[in-house]
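Input: a single structure, listed below in structure tokens.
The values are calculated or read from the model by the stated rules, or taken from the named source; none is laboratory data. Note that the coordinates shown come from a computational prediction; the quantities given were computed from them, not determined experimentally. In this analysis, Cβ positions are derived from the backbone assuming ideal geometry, glycine residues included, and neighbour counts consider all displayed protein chains. Ligands, DNA and RNA are stripped out before the accessible areas are found, and what is left, the full protein with its side chains, is counted by its heavy atoms. Shrake-Rupley method; radii C 1.70, N 1.55, O 1.52, S 1.80 Å.
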Amino acid sequence: MPNIQGHALNDSHYIGGLWVEGKSYFKVFSPTDGKNLAEISCGSAENVNAAVIAAHEAFPFWSSLGAHGRLPYLKRFADEIGKRKDAICEVESCDAGILLSRLKHGILPRSMLNITWFAEAALNLQDSTIETPQASHYLKYDPAGVCAIITPWNAPLMLTTWKLGPALASGNTCIIKPPELAPLSSALLAEAADAAGLPPGVLNMVHGNGAATGSLLTSDPRIRRISFTGSVSTAQEISKSAAENLTPCSLELGGKSPFIVLDDADIDLAARTGALMYRNATQVCLAGTRFLVHKNIYDQFVERMKAYSLNLKVGNPQNESTEVGPLINAKQLEKVKGYVNRAIAQGAEVLWGGVEHDAGALFYTPTMLSNVNQNDEIVQEEVFGPVLVIQSFQSDEEAILLANNTKYGLGGVCFGETKRALTVANQVKTGFIWVNSFGIRDLAAPFGGCKNSGIGREGGNWSFDFFCDVKDVILPKTIFNPSFAQR
Ligand code: NAD
């Protein structure tokens, strides 16, 4: 059994309420110091099949409980997550490289809320009715069945609970396939579900890599929903296999979001917020990574943001004062270096950074590149590392054109006088955009992307719409008279 900073972890799958050892194992490494943290069971076809059977067998009881019946189970689940808060935060910081301070003060409490908020919101899904002169329409949110939940390494705890909350609350049973680069907090989530007494089979977990284990899940016809967050290329693979069975997918994907600064913006506030984009080494889907700054204030903005960016504390994510942690692995570091080197070869200028950081083998200095063209790879592609680009514009129309000119459409940021910034924000083609702010989220609000950033919305009732089959039960108000002339 692996032991991470004094926290013992189960290295097995969790299937039908039992810990099931795999026949083979994969290694998990710390991005901070490269240490081998654990060897975790690798899911086989047999494991996936057992998990699907367990989830199917658990479905009739779990779905029949109703939202009121499920509420106490899910509250206990959240409580058990809370009881393990130190272990979960420390373990996730170790294997995903996420800042411990953010995990403790932001992500962990939010993850508990992901479970309890949806458990309570599901109570309101019951018994809605549309009355017409002809009939009563009783609307039912029928849980879809067994759901596959597949998440990326950059936010495993937050995203797994964000999907599990509404799926379980609305009566589905789930199989999670944790990200193979950062699977350890999921083991503690399964332990919390077990301790909370969730009936066996309601929550199952099968570890393994995407192409082998994940694809067995997403191509299984017994899976009735796939909730996926990750890269565009994986989403395309999943969509193809899901199409065989017409399994509905929710796809939350990458981004290259614009960060627009108008010439009447609070420059200091915009620059301070801009430096926040380096948090988690910019391995954050919703970060603004393309800076579009009005020509009139460009130099002032660059000077301020440079000062804030060079002041950031890069280092071990376990230190409470660290602001920028490591990249996830050597492959990601090479990818980041490749983007920067190719951009420089194409004429980009390094305003700051542009080199590895001496905090460790996988650290890269917060970087800003200018003198780039709209069609350049560095402007168009998601780097997923602490490398931002900056361009200037002369009119709001030009800013909107540049903002919309990539294949992505996840999020955005716009700083400026409120009315003008709102006008610009309304014309940016993304799933969400923050005005004079960044990162404000609410569980009731929709989250998702346009274009290559995804299909569907999660959050609030959008999550329930995805995880349920909405059914209309129609009862006429007068004696029904069958006729071929009816609509
Ligand atoms: P990834 O697509 O490589 O992997 C994501 C998950 O999919 C992993 O659990 C992996 O094992 C699994 N997987 C891979 N191939 C599979 C297959 N063929 N079938 C089934 N499952 C498969 O993504 P990643 O590198 O882990 O994460 C980074 C990406 O995630 C970035 O593009 C980032 O922008 C995106 N992301 C998006 C959001 C959002 O909400 N929009 C949030 C976080 C991350």
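Each Cα pair under 8 Å and six or more residues apart adds its sequence gap; the mean of these over the residue count of region 140-218 is a relative contact order of 33 percent.
Compute the Cα gyration tensor for region 272-420, then decide on rounded, prolate or oblate, letting a ≥ b ≥ c be the square roots of its eigenvalues: rounded whenever a/c is under 1.5, prolate when a/b is larger than b/c in the other cases, and oblate in all that remain.
The shape class here is prolate.
Label zone of residue 417 (point 7 Å out along Cα→Cβ, amide N under 17 Å): in region 256-270 this covers 261-267. Once you've got the Cα coordinates, tell me which of 83/140; 306/429; 35/85; 295/451 are over 26 Å apart. Too far apart for the 26 Å limit: 83/140; 306/429; 295/451. Between the helical axis of 45-64 and the longest alpha-carbon principal axis of the chain there is an angle of about 60 degrees. Taking the Cα atoms only, what angle lies between the long axis of helix 85-96 and the longest principal axis of the chain, rounded to 10 degrees? The two axes meet at around 60 degrees. In degrees from 0 to 90, rounded to the nearest 10, what is the angle of the helix 66-83 Cα long axis to the longest principal axis of the chain? Approximately 40 degrees, to the nearest ten. Taking every DSSP helix (H) stretch of at least 4 residues in the chain, weighting each as -39,500 (n - 2.57) and dividing the sum by the residue count yields a mean residue ellipticity at 222 nm of -11000 deg cm²/dmol.
Between residue 375 and residue 296, the simple label model (points 7 Å from Cα in the Cβ direction) yields a spacing of 3.2 nm. The residues 266, 194, 142, 299, sorted by heavy-atom accessible surface at 1.4 Å with ligands and nucleic acids left out, run 299, 266, 194, 142 from largest to smallest. Taking Lys and Arg as +1 and Asp and Glu as -1, the other residues whose beta-carbon sits under 12 Å from that of residue 338 total +1.
Over the chain, what percent of the accessible surface lies on carbon and sulfur atoms, probe 1.4 Å?
Numbers: 10540 of 19790 Å².
For the chain, the apolar C and S fraction of the accessible surface comes to 53 percent.
Note that the chain shows a convex hull volume over its alpha carbon atoms of 161 Å³ per residue. A Förster radius of 45 Å, combined with the Cβ-Cβ distance separating residue 233 from residue 469, puts the computed FRET efficiency at roughly 0.95. The gain in end-to-end length when the residue 8 to residue 461 segment is fully stretched comes to 159.4 nm, 0.36 nm per residue minus the alpha carbon separation.
Placing 39, 57 in order of accessible area, with the largest value first and a 1.4 Å probe, yields 57, 39. Taking every protein chain into account, the accessible area of the chain amounts to 41 square angstrom per residue (probe 1.4 Å). Computing FRET efficiency as 1/(1 + (r/R0)^6) for residue 342 and residue 395, where r is the C-beta to C-beta distance and R0 is 45 Å, gives about 0.90. Prolate is the label for region 159-300, because a/c, from the alpha-carbon gyration tensor with a ≥ b ≥ c as root eigenvalues, is 1.5 or above and a/b exceeds b/c.
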